2 protein chains.
Amino acid sequence: MTSIKENSTNSLNRKLLTDCNLTYAVQLMGGRWKLLLLMRLEPGRQRFGELKKNIPNITERMLTLQLRELEADGLVTRHVFAEVPPRVEYELTPIGRELVPICGTLHAWGGRHRYQHTGTESTFSHENTPEIWSTP
Amino acid sequence: MTSIKENSTNSLNRKLLTDCNLTYAVQLMGGRWKLLLLMRLEPGRQRFGELKKNIPNITERMLTLQLRELEADGLVTRHVFAEVPPRVEYELTPIGRELVPICGTLHAWGGRHRYQHTGTESTFSHENTPEIWSTP
DNA sequence: TGCGATACACACAAAAATGTAAGTAATGAC
DNA sequence: GTCATTACTTACATTTTTGTGTGTATCGCA
């Protein structure tokens, strides 16, 4: 998300879909790394560098971008400490936290789908957030 | 989704995220028009032309693409009738149908978020699928 | 013979998302 | 004075997604 052409059909359609609460919701969580970030933040605050370490393959640029969008959308809070070297911590907001159980349901559905569709199971491990993935 | 560069970092990262059941699930429903299509199909089978009529601003190309991806992902079934002019109907699969209540929850969350974040409410109407949007 | 109807396909263009590589500011430790 | 540390920023390149416009096959009907 660098610069958007207001008034392209593409952008108008995006706005149109923003009117529906469902597609609106999906737009908020739609960035490639956003849900992973939310899940990492579930146990509590995390520093920028820790997120970077814990999320495989994410670049600093993408991490910054996605975190800033999450912040702008009110899903996470940014805490800046006036230290050197700098320290910045990220934390889920209440409404962001409400997304977590929904993600649990989606995760379970994804597992069922994968099994039915491919006959395999996921081996991805969310080490630091185990309790989320046990769906009620 | 026309042609994908195998082995670009971009594509490798996509595959990596496919390992997680959550991001896997989001990939399946991530196309711009997919969830709207799923919701339209909830009441029952629909013809290509009806979907086109009912979904604002979607082009034939996008409709085709998204439906084909949904089909390839096992979320909808395609029924072709050997008639002239042609008739094709689309229908939710069982696992696709399991996504509907989750969408209901997401829709509700989206509504809460929008209200908190913007102070407004959605005016988007899903005429043909009213019962979905009343979340338990 | 020509037309309308339907569900597409195709080549191309535009826009958006993602990735790469390099640089920056401030400070304390050496 | 140089260096390491941290959380970025910036300019640019690549890849992917979305949109535009036109064409097609088949048949029944006028």
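Among the candidates B:VAL80, B:VAL84, B:VAL88, B:VAL76, single out the residue that is among the aliphatic types (A, V, I, L, M) and modelled with pLDDT under 95.
Just one listed residue meets the conditions, B:VAL84.
Can you name the number of the only condition in (1) within 14 Å of chain A (Cβ to nearest Cβ); (2) part of a helix (DSSP H, G or I); (3) over 20 Å from A:CYS20 (Cβ atoms) that B:THR105 fails?
Going through the list (1) within 14 Å of chain A (Cβ to nearest Cβ); (2) part of a helix (DSSP H, G or I); (3) over 20 Å from A:CYS20 (Cβ atoms), B:THR105 breaks only (3).
State which residue is farthest from DNA strand C (Cβ to nearest atom) when the search covers only region A:34-58 and only residues that are within 8 Å of chain B (Cβ to nearest Cβ) and under 8 Å from the mean Cα position of the chain (by Cα).
Filtering region A:34-58 for residues that are within 8 Å of chain B (Cβ to nearest Cβ) and under 8 Å from the mean Cα position of the chain (by Cα), the one farthest from DNA strand C (Cβ to nearest atom) comes out as A:MET39.
For residues that are within 14 Å of chain A (Cβ to nearest Cβ) and in contact with a Phe, Trp or Tyr (Cβ under 8 Å, 6 or more places away or on another chain), scanning just region B:75-94, find the one that is farthest from B:ALA25 (Cα to Cα).
Filtering region B:75-94 for residues within 14 Å of chain A (Cβ to nearest Cβ) gives B:75-77, B:92-94.
Still in the running and in contact with a Phe, Trp or Tyr (Cβ under 8 Å, 6 or more places away or on another chain): B:76-77.
Details: B:VAL76: 15, B:THR77: 18 Å.
Once the filter is applied, the top-ranked residue is B:THR77.
Just checking: which of the helices (runs of 4 or more DSSP H) contained wholly in region B:1-84 hold 2 or more residues that are within 17 Å of A:HIS117 (Cβ to Cβ)?
Values: elements: B:9-18, B:21-28, B:34-41, B:48-54, B:60-72.
So the answer is B:9-18, B:21-28, B:34-41, B:60-72.
Just checking, how many residues over region A:62-90 are under 12 Å from the mean Cα position of the chain (by Cα), among the acidic types (Asp, Glu) and open to solvent by 50 Å² or more (accessible area, probe 1.4 Å)?
Residues in region A:62-90 being under 12 Å from the mean Cα position of the chain (by Cα), among the acidic types (Asp, Glu) and open to solvent by 50 Å² or more (accessible area, probe 1.4 Å): 1 in total.
Is it true that some residue in region B:12-28 is farther than 19 Å from A:PRO56 by Cβ and away from DNA strand D (no atom under 11 Å from the Cβ)?
Residues of region B:12-28 that are farther than 19 Å from A:PRO56 by Cβ, as a first pass: B:28.
Checking the rest, the ones that are also away from DNA strand D (no atom under 11 Å from the Cβ) come to B:28.
So far as region B:12-28 goes, yes, one or more of its residues are farther than 19 Å from A:PRO56 by Cβ and away from DNA strand D (no atom under 11 Å from the Cβ).
Can you name the condition, by its number, that B:GLY30 falls short on among (1) within 7 Å of chain A (Cβ to nearest Cβ); (2) within 14 Å of DNA strand C (Cβ to nearest atom); (3) over 10 Å from the mean Cα position of the chain (by Cα)?
Failed condition: (3).
Among (1) closer than 26 Å to B:ARG14 by Cβ; (2) within 13 Å of chain B (Cβ to nearest Cβ); (3) modelled with pLDDT under 95, which single condition is A:ASN128 missing?
Here A:ASN128 meets the rest and fails (2).
Determine whether A:GLY104 is free of Cβ contacts under 8 Å to residues at least 40 places away in the same chain, closer than 21 Å to B:GLN116 by Cβ and either surrounded by 18 or more Cβ atoms within 10 Å (Cβ to Cβ) or within 13 Å of DNA strand C (Cβ to nearest atom) (or both). Full working, then the answer.
Numbers: free of Cβ contacts under 8 Å to residues at least 40 places away in the same chain: yes; closer than 21 Å to B:GLN116 by Cβ: no; either surrounded by 18 or more Cβ atoms within 10 Å (Cβ to Cβ) or within 13 Å of DNA strand C (Cβ to nearest atom) (or both): yes.
When the stated conditions are applied, A:GLY104 does not pass them.
The values are calculated or read from the model by the stated rules, or taken from the named source; none is laboratory data. This is a predicted model, so every value here is computed, not measured. When we count neighbours, we look across all protein chains shown, and the Cβ atoms used for this are built from the backbone with ideal geometry, even at glycine. When the accessible area is computed, the model is the full protein with side chains, heavy atoms only, and any ligands, DNA or RNA have been set aside. Shrake-Rupley method; radii C 1.70, N 1.55, O 1.52, S 1.80 Å.
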